[in-house]
């Protein structure tokens with residue numbers, strides 16, 4: 001089936017056909033490294049991680065570039081506040097970014113270039129634009145002349161008059177046109193600076209992406225991505241400077257993800273609803289945050305609230321719980337043969353479960369090939385999980401054998417394989433539940449030592465047939481949202497969500 005993507009440039013879904021068969025050139029704007037990443041960053045990075053994974057799943061070779069802006073006014077300001085230098089600040093937050101994204105299961109791209117490593121390439125593009133008359137020097141700065149590019153505004157869908165009326169543009173009396181944007185900024189005393197034909201300075205924000213796209217992917221590229229907030233001015237400016245410099249279309253498909261709202265309000269430090277990824281992961285399992293992000297279509301806004309994140313946590317618990325149950329009750333025997341039973345025999349065990357497992361690959365691919373519809377794709381996965389759980393429940397506490405066990409294992413394997421395309425179910429169930437319990441225990445007011453002591457006292461009361469005391473302890477634990485279950489091998493506990 002064809003892969004359809006919504007192209008911001010044409011404002012419609014189009015069949016994705018890479019310019020080079022079997023190979024995709026993908027660029028996504030990275031972060032400016034002056035602070036810890038927030039959950040808005042998490043959404044964008046996870047969205048394009050899933051797109052990257054799905055392109056790989058389809059069999060494409062993907063060259064994926066995501067940059068770091070490591071020189072910027074905000075970085076310099078923070079360095080000055082700390083009595084440090086821009087490199088120390090940038091390196092600290094690049095390391096923090098990798099830690100956060102590693103927790104979220106984000107794959108590393110093919111290349112992660114730093115802006116400051118590509119200043120010669122930026123200077124070369126700026127010089128080319130100056131030579132063509134598309135850029136001009138004013139004072140110590142160099143600006144791109146928007147009037148020289150007839151297609152300005154084609155990505156955002158607005159003409160220059162609308163942009164002037166409604167957009168925030170940098171005010172500078174040296175500009176010939178208020179929409180003109182800086183390509184090279186002359187350095188101020190004490191600022192980091194690089195030599196250039198226009199004097200010491202540093203690049204503007206927009207030029208770095210054009211230089212790194214050209215360096216690592218060549219122009220044009222297949223897909224350029226980022227958040228909707230980058231459509232104007234950043235991506236609009238990238239198009240203008242790149243197409244003027246290289247006399248070629250810059251990008252074939254533009255993809256933009258929607259915003260994260262907090263309790264139906266825009267996330268903002270001034271509103272006190274600003275959460276870093278690290279804030280969230282102190283109480284929320286990373287895979288639950290990931291499931292929350294992909295629970296909505298990537299172009300739609302997604303609302304972060306206690307209710308929506310709890311829903312994601314419960315969903316993840318169900319997926320892992322079913323996976324754990326299959327491992328415990330239908331373990332694969334050593335030396336056991338794969339597909340030892342005929343399809344007819346397997347289907348007779350539970351026709352509904354058999355069909356859901358058999359149809360998931362096509363249904364999943366159909367959803368994801370419709371502009372990466374992760375919401376619909378996860379819906380199919382959960383439908384399979386519910387059917388598999390009902391199948392397990394129909395056996396009570398008995399272990400499954402023969403074709404029943406084989407069908408359960410097949411369904412679980414199919415579920416896990418397609419979750420992997422979304423970056424989910426990448427831990428073993430036991431490891432996940434242990435991590436989940438420890439995270440949630442922090443919210444109950446009990447330490448692990450106190451909890452284990454209560455569980456031991458309850459176990460002792462049960463052994464002594466003092467069921468009233470055992471029940472009292474159970475209720476005390478439930479008052480702190482801790483639920484206990486007794487098994488032959490011992491007592492398990494979990495914090496209810």
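Computed from the coordinates by the stated procedures, all read-outs in this text should not be read as laboratory data. Please read these numbers as outputs of a predicted model, since none were measured by experiment. With ideal geometry, Cβ positions are generated from the backbone for all residues, glycine too; neighbour counts draw on all protein chains shown.
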Problem set entry | Rounded to 10°, Cα long-axis angle of helix 448-463 versus longest principal axis of the chain | 10 degrees
Problem set entry | Full-extension gain in nm, residue 193 to residue 472, via 0.36 nm per residue minus C-alpha separation | 93.5 nm
Seminar exercise, completed: quick note, the stretch 4-279, DSSP beta bridge pairs, % antiparallel (nearest 5) is 50 percent
For this session: Could you order peptides 122-135, 80-93 by the average number of other Cβ atoms within 10 Å of their residues, highest first?
Result: 122-135, 80-93
Exercise. Using Cα atoms only, what is the angle between the long axis of helix 86-103 and the major principal axis of the chain, expressed in degrees (0 to 90) to the nearest 10?
Worked result: 30 degrees
For this session: Using only Cα atoms, tell me the angle between helix 236-246 and the longest principal axis of the chain; keep it within 0 to 90° and round to the nearest 10.
Result: 60 degrees
Problem set entry | Mean Cβ count within 10 Å, highest first, over the residues of peptides 458-467, 41-50 | 41-50, 458-467
Exercise. Between the stretch 108-143 and the stretch 264-326, how many Å separate their Cα centres?
Worked result: 39 Å
Seminar exercise, completed: For the stretch 444-495, averaging the sequence separation of alpha carbon pairs under 8 Å that lie six or more residues apart and dividing by its residue count, the contact order in percent is 27 percent
For this session: Sort the following peptides by mean Cβ neighbour count (other Cβ atoms within 10 Å, averaged over residues), highest first: 12-20, 193-201.
Result: 193-201, 12-20
Problem set entry | Length-normalised contact order of the stretch 283-431 in % [C-alpha pairs under 8 Å, at least 6 apart] | 34 percent
Problem set entry | Computed [θ] at 222 nm, deg cm²/dmol, the chain (DSSP H ≥ 4; -39,500 (n - 2.57); rounded to nearest 500) | -15000 deg cm²/dmol
Exercise. Counting only the backbone N, which residues of the stretch 427-443 are under 18 Å from the spot 7 Å out from the Cα of residue 479 toward its beta-carbon?
Worked result: 443
Seminar exercise, completed: Here the FRET efficiency for residue 77 versus residue 263, based on Cβ atoms and R0 = 30 Å and rounded to 0.05, is 0.50
Exercise. Quick one: if the Förster radius is 60 Å, what FRET efficiency do residue 162 and residue 465 give, using the C-beta to C-beta distance and rounding to 0.05?
Worked result: 0.15
Exercise. With r defined as the distance between the Cβ atoms of residue 95 and residue 56 and R0 fixed at 30 Å, what FRET efficiency is calculated, to the nearest 0.05?
Worked result: 0.70
Exercise. Restricting to the chain, what percent of DSSP beta bridges are antiparallel, rounded to 5?
Worked result: 55 percent
Problem set entry | the chain, relative contact order [Cα under 8 Å, separation at least 6], % | 15 percent
Exercise. Under a point spin-label approximation (7 Å from Cα along Cα-to-Cβ), what is the residue 487-residue 247 distance to one decimal in nm?
Worked result: 7.0 nm
